[in-house]
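One structure is given below, encoded as C-alpha coordinates.
The values are calculated or read from the model by the stated rules, or taken from the named source; none is laboratory data. Just so it is clear, the model here is predicted, and its values are computed rather than measured. Cβ: placed from backbone, ideal geometry, glycine included. Neighbour counts: every protein chain shown.
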Amino acid sequence: MKQVEGKVAFITGAANGAGFGMAQIFSKNGMKVVLADIRQDSLDRAMAYFGKNPNVHAIRLDVTDREAFVRAADEAERVFGRIHVLCNNAGINLFVPIEDCTYNDYDWVMGVNFGGVVNGVQTILPRIRKHGEGGHIVNTASMGAFLPSASAGIYTASKFGVLGLSAVLRLSLYKYNIAVSVFCPGLINSRIYESEKVRPQKLASPQNTARSQEFMDILPKIHEAGISPEEVGEKVLAGIRRNDFYIFSHPEFKEELKEIFDEVLNAIPEGEAPADRLAFEKTRRDALKKAREEAGTID
Ligand SMILES: NC(=O)c1ccc[n+]([C@@H]2O[C@H](COP(=O)([O-])OP(=O)(O)OC[C@H]3O[C@@H](n4cnc5c(N)ncnc54)[C@H](O)[C@@H]3O)[C@@H](O)[C@H]2O)c1
(Lines give C-alpha, C1' and ligand atoms only; values in the text may rest on other atoms or scores of the structure.)
Protein backbone atom coordinates (compact mmCIF):
# COMPACT_ATOMS: atom_id res chain seq x y z
CA MET A 1 0.00 0.00 0.00
CA LYS A 2 2.18 2.81 -1.30
CA GLN A 3 -0.45 5.49 -0.77
CA VAL A 4 -1.45 5.57 2.90
CA GLU A 5 -2.70 9.14 3.29
CA GLY A 6 -6.40 9.19 4.21
CA LYS A 7 -6.47 5.44 4.85
CA VAL A 8 -7.95 4.13 8.11
CA ALA A 9 -5.92 1.92 10.44
CA PHE A 10 -7.35 -0.14 13.32
CA ILE A 11 -4.57 -0.97 15.79
CA THR A 12 -5.01 -3.26 18.79
CA GLY A 13 -2.86 -2.81 21.88
CA ALA A 14 -2.39 0.75 20.62
CA ALA A 15 -2.26 2.59 23.92
CA ASN A 16 1.32 1.61 24.78
CA GLY A 17 4.58 0.46 23.28
CA ALA A 18 4.69 -0.87 19.74
CA GLY A 19 1.03 -0.16 18.96
CA PHE A 20 1.30 3.41 20.20
CA GLY A 21 4.39 3.87 18.02
CA MET A 22 2.43 2.64 15.00
CA ALA A 23 -0.41 5.04 15.85
CA GLN A 24 1.99 7.98 16.13
CA ILE A 25 3.76 7.32 12.84
CA PHE A 26 0.64 6.37 10.88
CA SER A 27 -1.04 9.56 12.07
CA LYS A 28 2.01 11.68 11.16
CA ASN A 29 1.75 10.23 7.67
CA GLY A 30 -1.85 11.31 7.17
CA MET A 31 -3.71 8.17 8.18
CA LYS A 32 -6.80 8.04 10.36
CA VAL A 33 -6.17 5.85 13.35
CA VAL A 34 -8.31 3.84 15.76
CA LEU A 35 -6.52 3.00 19.01
CA ALA A 36 -8.05 -0.11 20.56
CA ASP A 37 -6.78 -1.25 23.94
CA ILE A 38 -7.96 -2.96 27.11
CA ARG A 39 -6.41 -0.30 29.41
CA GLN A 40 -8.47 2.85 29.84
CA ASP A 41 -5.68 4.62 31.80
CA SER A 42 -3.27 4.03 28.91
CA LEU A 43 -5.85 5.08 26.31
CA ASP A 44 -6.37 8.33 28.21
CA ARG A 45 -2.63 9.00 28.24
CA ALA A 46 -2.31 8.14 24.55
CA MET A 47 -5.22 10.39 23.60
CA ALA A 48 -3.69 13.23 25.62
CA TYR A 49 -0.69 12.96 23.29
CA PHE A 50 -2.91 13.32 20.22
CA GLY A 51 -4.84 16.25 21.72
CA LYS A 52 -7.90 17.23 19.70
CA ASN A 53 -6.76 15.50 16.49
CA PRO A 54 -10.08 14.51 14.85
CA ASN A 55 -8.36 11.72 12.92
CA VAL A 56 -7.53 9.68 16.02
CA HIS A 57 -10.19 7.74 17.90
CA ALA A 58 -9.85 5.54 21.01
CA ILE A 59 -11.95 2.47 21.80
CA ARG A 60 -11.65 0.35 24.90
CA LEU A 61 -11.48 -3.25 23.71
CA ASP A 62 -10.45 -6.62 25.07
CA VAL A 63 -9.37 -8.48 21.92
CA THR A 64 -10.51 -11.80 23.41
CA ASP A 65 -14.11 -10.55 23.53
CA ARG A 66 -15.58 -11.35 20.11
CA GLU A 67 -18.83 -9.45 20.56
CA ALA A 68 -16.98 -6.37 21.78
CA PHE A 69 -14.68 -6.64 18.74
CA VAL A 70 -17.71 -6.44 16.42
CA ARG A 71 -18.98 -3.39 18.32
CA ALA A 72 -15.53 -1.78 18.10
CA ALA A 73 -15.33 -2.37 14.34
CA ASP A 74 -18.85 -0.91 13.93
CA GLU A 75 -17.77 2.15 15.92
CA ALA A 76 -14.59 2.56 13.86
CA GLU A 77 -16.62 2.46 10.63
CA ARG A 78 -19.15 4.92 12.03
CA VAL A 79 -16.39 7.37 12.91
CA PHE A 80 -14.02 7.01 9.93
CA GLY A 81 -15.82 4.93 7.30
CA ARG A 82 -13.89 2.02 5.80
CA ILE A 83 -11.04 0.26 7.58
CA HIS A 84 -8.03 -0.42 5.31
CA VAL A 85 -5.22 -1.42 7.65
CA LEU A 86 -5.61 -3.84 10.55
CA CYS A 87 -2.71 -4.16 13.01
CA ASN A 88 -3.28 -7.13 15.30
CA ASN A 89 -0.70 -6.07 17.83
CA ALA A 90 -2.12 -6.53 21.36
CA GLY A 91 0.07 -8.92 23.29
CA ILE A 92 1.15 -10.00 26.74
CA ASN A 93 4.02 -11.96 28.17
CA LEU A 94 4.37 -14.51 30.94
CA PHE A 95 7.66 -15.82 32.27
CA VAL A 96 7.00 -19.25 33.73
CA PRO A 97 8.71 -22.52 32.71
CA ILE A 98 6.35 -24.45 30.48
CA GLU A 99 6.25 -27.46 32.81
CA ASP A 100 4.75 -25.28 35.55
CA CYS A 101 2.15 -23.50 33.43
CA THR A 102 -1.53 -23.90 34.25
CA TYR A 103 -4.51 -24.13 31.90
CA ASN A 104 -5.33 -20.57 32.95
CA ASP A 105 -1.87 -19.46 31.82
CA TYR A 106 -2.41 -21.16 28.46
CA ASP A 107 -5.89 -19.72 28.02
CA TRP A 108 -4.76 -16.20 28.85
CA VAL A 109 -1.57 -16.03 26.76
CA MET A 110 -2.90 -18.01 23.77
CA GLY A 111 -6.24 -16.18 24.04
CA VAL A 112 -4.71 -12.72 23.73
CA ASN A 113 -1.61 -13.32 21.60
CA PHE A 114 -3.08 -15.82 19.14
CA GLY A 115 -6.84 -15.61 19.74
CA GLY A 116 -6.73 -11.80 19.56
CA VAL A 117 -5.24 -12.04 16.07
CA VAL A 118 -7.88 -14.59 15.05
CA ASN A 119 -10.65 -12.32 16.35
CA GLY A 120 -9.20 -9.31 14.53
CA VAL A 121 -9.09 -11.25 11.27
CA GLN A 122 -12.55 -12.76 11.69
CA THR A 123 -14.11 -9.40 12.54
CA ILE A 124 -12.37 -6.99 10.21
CA LEU A 125 -11.26 -9.01 7.19
CA PRO A 126 -14.84 -9.42 5.85
CA ARG A 127 -15.28 -5.64 6.09
CA ILE A 128 -12.08 -4.99 4.10
CA ARG A 129 -13.13 -7.56 1.50
CA LYS A 130 -16.57 -5.99 1.27
CA HIS A 131 -15.44 -2.44 0.48
CA GLY A 132 -13.10 -3.75 -2.21
CA GLU A 133 -10.54 -0.92 -1.94
CA GLY A 134 -7.80 -3.31 -0.82
CA GLY A 135 -6.05 -3.38 2.48
CA HIS A 136 -3.21 -4.60 4.62
CA ILE A 137 -3.09 -6.79 7.72
CA VAL A 138 -0.04 -6.59 10.00
CA ASN A 139 0.19 -9.21 12.72
CA THR A 140 2.70 -8.61 15.50
CA ALA A 141 4.62 -11.80 16.25
CA SER A 142 8.15 -11.53 17.65
CA MET A 143 11.65 -12.87 17.07
CA GLY A 144 10.22 -15.46 19.48
CA ALA A 145 8.35 -16.85 16.45
CA PHE A 146 11.73 -18.19 15.33
CA LEU A 147 13.78 -18.34 18.51
CA PRO A 148 12.08 -20.33 21.27
CA SER A 149 12.52 -19.06 24.81
CA ALA A 150 12.49 -21.59 27.65
CA SER A 151 11.46 -18.87 30.09
CA ALA A 152 8.49 -17.72 28.01
CA GLY A 153 7.08 -21.00 26.71
CA ILE A 154 3.43 -20.23 25.99
CA TYR A 155 4.46 -16.87 24.54
CA THR A 156 6.76 -18.68 22.11
CA ALA A 157 3.97 -21.07 21.09
CA SER A 158 1.55 -18.19 20.57
CA LYS A 159 4.01 -16.33 18.33
CA PHE A 160 4.76 -19.44 16.24
CA GLY A 161 0.99 -19.56 15.75
CA VAL A 162 0.83 -15.92 14.66
CA LEU A 163 3.61 -16.54 12.15
CA GLY A 164 1.84 -19.59 10.69
CA LEU A 165 -1.53 -17.87 10.47
CA SER A 166 0.06 -14.83 8.81
CA ALA A 167 1.80 -16.98 6.19
CA VAL A 168 -1.50 -18.65 5.29
CA LEU A 169 -3.38 -15.35 5.19
CA ARG A 170 -0.79 -13.94 2.81
CA LEU A 171 -1.30 -16.84 0.39
CA SER A 172 -5.08 -16.55 0.65
CA LEU A 173 -5.81 -12.83 0.61
CA TYR A 174 -3.73 -11.42 -2.25
CA LYS A 175 -6.60 -12.23 -4.62
CA TYR A 176 -8.70 -9.64 -2.78
CA ASN A 177 -5.88 -7.07 -3.01
CA ILE A 178 -5.18 -7.47 0.70
CA ALA A 179 -1.52 -7.73 1.69
CA VAL A 180 -0.30 -9.39 4.88
CA SER A 181 2.82 -8.77 6.97
CA VAL A 182 4.18 -10.38 10.08
CA PHE A 183 6.14 -8.06 12.35
CA CYS A 184 8.93 -9.87 14.21
CA PRO A 185 10.73 -7.49 16.55
CA GLY A 186 13.32 -8.11 19.22
CA LEU A 187 13.39 -5.90 22.31
CA ILE A 188 11.11 -2.86 22.29
CA ASN A 189 11.12 -0.16 24.94
CA SER A 190 7.52 -0.84 25.96
CA ARG A 191 5.37 -1.65 28.99
CA ILE A 192 4.98 -5.36 28.33
CA TYR A 193 6.33 -5.97 31.85
CA GLU A 194 2.96 -4.70 33.10
CA SER A 195 1.13 -7.59 31.42
CA GLU A 196 -0.17 -9.08 34.66
CA LYS A 197 -2.20 -5.91 35.24
CA VAL A 198 -4.54 -6.97 32.45
CA ARG A 199 -4.88 -10.67 33.30
CA PRO A 200 -8.60 -11.32 33.91
CA GLN A 201 -9.55 -12.65 37.32
CA LYS A 202 -11.23 -15.69 35.78
CA LEU A 203 -7.85 -16.76 34.36
CA ALA A 204 -5.89 -16.14 37.56
CA SER A 205 -2.93 -18.35 38.35
CA PRO A 206 -1.67 -16.78 41.58
CA GLN A 207 1.51 -18.76 42.02
CA ASN A 208 2.61 -18.21 38.44
CA THR A 209 1.59 -14.55 38.47
CA ALA A 210 3.93 -13.99 41.41
CA ARG A 211 6.68 -15.97 39.74
CA SER A 212 6.38 -14.22 36.43
CA GLN A 213 6.19 -10.85 38.17
CA GLU A 214 9.61 -11.46 39.76
CA PHE A 215 11.06 -11.68 36.27
CA MET A 216 8.88 -8.86 34.96
CA ASP A 217 10.27 -6.59 37.68
CA ILE A 218 13.72 -6.67 36.12
CA LEU A 219 12.34 -6.14 32.64
CA PRO A 220 11.89 -2.34 32.65
CA LYS A 221 15.68 -1.98 32.80
CA ILE A 222 16.22 -4.58 30.06
CA HIS A 223 13.53 -3.04 27.88
CA GLU A 224 15.18 0.39 28.07
CA ALA A 225 17.72 -1.05 25.64
CA GLY A 226 14.92 -1.83 23.19
CA ILE A 227 14.05 0.14 20.08
CA SER A 228 11.62 3.02 20.57
CA PRO A 229 7.92 2.73 19.74
CA GLU A 230 8.42 5.41 17.08
CA GLU A 231 11.09 3.28 15.40
CA VAL A 232 8.62 0.41 15.46
CA GLY A 233 6.05 2.64 13.76
CA GLU A 234 8.54 3.70 11.05
CA LYS A 235 9.57 0.10 10.36
CA VAL A 236 5.99 -1.14 10.17
CA LEU A 237 4.87 1.70 7.91
CA ALA A 238 7.83 1.10 5.59
CA GLY A 239 6.87 -2.60 5.49
CA ILE A 240 3.28 -1.73 4.60
CA ARG A 241 4.41 0.64 1.83
CA ARG A 242 6.81 -1.95 0.37
CA ASN A 243 4.41 -4.86 0.92
CA ASP A 244 7.01 -6.86 2.86
CA PHE A 245 5.75 -10.11 4.33
CA TYR A 246 8.45 -10.22 7.00
CA ILE A 247 9.01 -6.99 8.87
CA PHE A 248 12.15 -7.32 10.96
CA SER A 249 13.58 -4.51 13.04
CA HIS A 250 16.64 -5.98 14.77
CA PRO A 251 19.80 -6.91 12.83
CA GLU A 252 21.42 -8.79 15.73
CA PHE A 253 19.51 -12.06 15.21
CA LYS A 254 20.81 -12.96 11.76
CA GLU A 255 23.55 -15.34 12.91
CA GLU A 256 21.24 -17.15 15.36
CA LEU A 257 18.56 -17.56 12.69
CA LYS A 258 21.15 -19.05 10.38
CA GLU A 259 22.08 -21.59 13.07
CA ILE A 260 18.41 -22.57 13.49
CA PHE A 261 17.79 -22.92 9.75
CA ASP A 262 21.04 -24.86 9.33
CA GLU A 263 19.90 -27.25 12.08
CA VAL A 264 16.63 -27.80 10.18
CA LEU A 265 18.36 -28.35 6.85
CA ASN A 266 20.90 -30.71 8.40
CA ALA A 267 18.07 -32.81 9.87
CA ILE A 268 16.52 -33.47 6.44
CA PRO A 269 17.42 -37.01 5.34
CA GLU A 270 19.67 -37.55 2.33
CA GLY A 271 18.45 -39.54 -0.65
CA GLU A 272 15.93 -39.36 -3.50
CA ALA A 273 12.14 -39.30 -3.21
CA PRO A 274 10.10 -41.59 -5.52
CA ALA A 275 9.06 -40.05 -8.86
CA ASP A 276 5.29 -39.91 -8.15
CA ARG A 277 5.88 -38.08 -4.88
CA LEU A 278 8.30 -35.71 -6.59
CA ALA A 279 5.72 -34.92 -9.25
CA PHE A 280 3.09 -34.14 -6.62
CA GLU A 281 5.51 -31.97 -4.66
CA LYS A 282 6.51 -30.07 -7.79
CA THR A 283 2.88 -29.16 -8.48
CA ARG A 284 2.39 -28.03 -4.89
CA ARG A 285 5.63 -26.09 -4.84
CA ASP A 286 4.95 -24.32 -8.17
CA ALA A 287 1.49 -23.26 -6.96
CA LEU A 288 2.92 -21.94 -3.70
CA LYS A 289 5.66 -20.04 -5.49
CA LYS A 290 3.13 -18.45 -7.85
CA ALA A 291 0.93 -17.41 -4.90
CA ARG A 292 3.91 -15.89 -3.09
CA GLU A 293 4.95 -13.99 -6.20
CA GLU A 294 1.43 -12.71 -6.82
CA ALA A 295 1.09 -11.70 -3.15
CA GLY A 296 4.26 -9.66 -3.65
CA THR A 297 2.76 -7.64 -6.51
CA ILE A 298 -0.01 -5.91 -4.51
CA ASP A 299 0.54 -2.19 -4.28
N1 LIG B 1 8.42 -5.52 24.12
C2 LIG B 1 9.12 -6.34 23.39
O3 LIG B 1 10.35 -6.42 23.56
C4 LIG B 1 8.48 -7.17 22.32
C5 LIG B 1 9.28 -7.99 21.54
C6 LIG B 1 8.71 -8.76 20.54
C7 LIG B 1 7.35 -8.69 20.31
N8 LIG B 1 6.57 -7.87 21.08
C9 LIG B 1 5.13 -7.85 20.79
O10 LIG B 1 4.73 -6.52 20.53
C11 LIG B 1 3.33 -6.40 20.81
C12 LIG B 1 3.09 -5.15 21.61
O13 LIG B 1 3.69 -5.30 22.88
P14 LIG B 1 4.52 -4.14 23.59
O15 LIG B 1 5.88 -4.65 23.82
O16 LIG B 1 4.33 -2.87 22.88
O17 LIG B 1 3.81 -4.16 25.02
P18 LIG B 1 2.92 -3.05 25.78
O19 LIG B 1 2.45 -3.72 27.02
O20 LIG B 1 3.67 -1.79 25.91
O21 LIG B 1 1.70 -2.84 24.78
C22 LIG B 1 0.73 -3.85 24.58
C23 LIG B 1 -0.64 -3.28 24.72
O24 LIG B 1 -1.58 -4.33 24.56
C25 LIG B 1 -2.65 -4.10 25.48
N26 LIG B 1 -3.38 -5.35 25.76
C27 LIG B 1 -3.01 -6.39 26.54
N28 LIG B 1 -3.97 -7.31 26.58
C29 LIG B 1 -4.98 -6.85 25.79
C30 LIG B 1 -6.25 -7.35 25.44
N31 LIG B 1 -6.71 -8.53 25.91
N32 LIG B 1 -7.03 -6.63 24.59
C33 LIG B 1 -6.59 -5.43 24.12
N34 LIG B 1 -5.39 -4.89 24.45
C35 LIG B 1 -4.60 -5.60 25.27
C36 LIG B 1 -1.98 -3.53 26.72
O37 LIG B 1 -2.89 -2.82 27.53
C38 LIG B 1 -0.91 -2.64 26.09
O39 LIG B 1 -1.36 -1.32 25.93
C40 LIG B 1 2.92 -7.68 21.53
O41 LIG B 1 2.24 -8.53 20.63
C42 LIG B 1 4.27 -8.27 21.95
O43 LIG B 1 4.21 -9.67 22.07
C44 LIG B 1 7.11 -7.12 22.08
Conditions: (1) aromatic (Phe, Trp, Tyr); (2) free of Cβ contacts under 8 Å to residues at least 60 places away in the same chain; (3) buried (at least 17 other Cβ atoms within 10 Å of the Cβ). Phe10 meets all but one. Number of the miss? (2)
Residue that is nearest to the ligand (Cβ to nearest atom), among those in the stretch 219-250 that are without any contact (Cβ under 8 Å) to a residue 40 or more places away in the chain and touching a helix residue (DSSP H, G or I) at 6+ places or on another chain (Cβ under 7 Å): His223
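Residue-wise test of (1) away from the ligand (no atom under 15 Å from the Cβ); (2) at pLDDT 95 or above; (3) polar (S, T, N, Q).
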residue: Ser190; (1), (2), (3): no, yes, yes
residue: Ser195; (1), (2), (3): no, no, yes
residue: Ala210; (1), (2), (3): yes, no, no
residue: Phe261; (1), (2), (3): yes, yes, no
residue: Leu265; (1), (2), (3): yes, yes, no
Cβ-Cβ under 9 Å, sequence separation 6+ or interchain: first residue in the stretch 286-299 and assigned to a helix (DSSP H, G or I), partner among the polar types (S, T, N, Q). Which pairs? Ala291/Ser172; Ala295/Asn243
When residues of the stretch 197-208 are filtered for being within 14 Å of the ligand (Cβ to nearest atom) and outside any loop (DSSP other than H, G, I, E, B), how many remain? 5
Close pairs from the stretch 194-218: first hydrophobic (A, V, I, L, M, F, W, C), partner surrounded by 11 or more Cβ atoms within 10 Å (Cβ to Cβ) and assigned to a loop (DSSP other than H, G, I, E, B), Cβ under 8 Å, at least 6 apart: Val198/Ile38; Val198/Arg39; Val198/Ile92; Phe215/Phe95; Phe215/Ser151; Met216/Asn93; Met216/Phe95
Can you find a residue in the stretch 39-53 that is out of contact with any Ser or Thr (no Cβ under 7 Å at 6 or more places or on another chain) and under 20 Å from Phe114 (Cα atoms)? yes
What number of residues within the stretch 162-187 satisfy the criterion of being part of a helix (DSSP H, G or I), within 12 Å of the ligand (Cβ to nearest atom) and out of contact with any Ser or Thr (no Cβ under 8 Å at 6 or more places or on another chain)? 1
Which number in (1) crowded, with 23+ Cβ neighbours inside 10 Å; (2) more than 30 Å from Glu259 (Cβ to Cβ); (3) under 14 Å from the mean Cα position of the chain (by Cα) marks the one condition that Ile128 misses? (3)
For Ser149, work out the one condition from (1) part of a loop (DSSP other than H, G, I, E, B); (2) over 30 Å from Gln3 (Cβ atoms); (3) more than 11 Å from the ligand (Cβ to nearest atom) it doesn't fulfil. (3)
Which members of the stretch 166-213 meet the condition of being more than 30 Å from Lys7 (Cα to Cα), surrounded by 18 or more Cβ atoms within 10 Å (Cβ to Cβ) and among the basic types (Lys, Arg)? Arg199
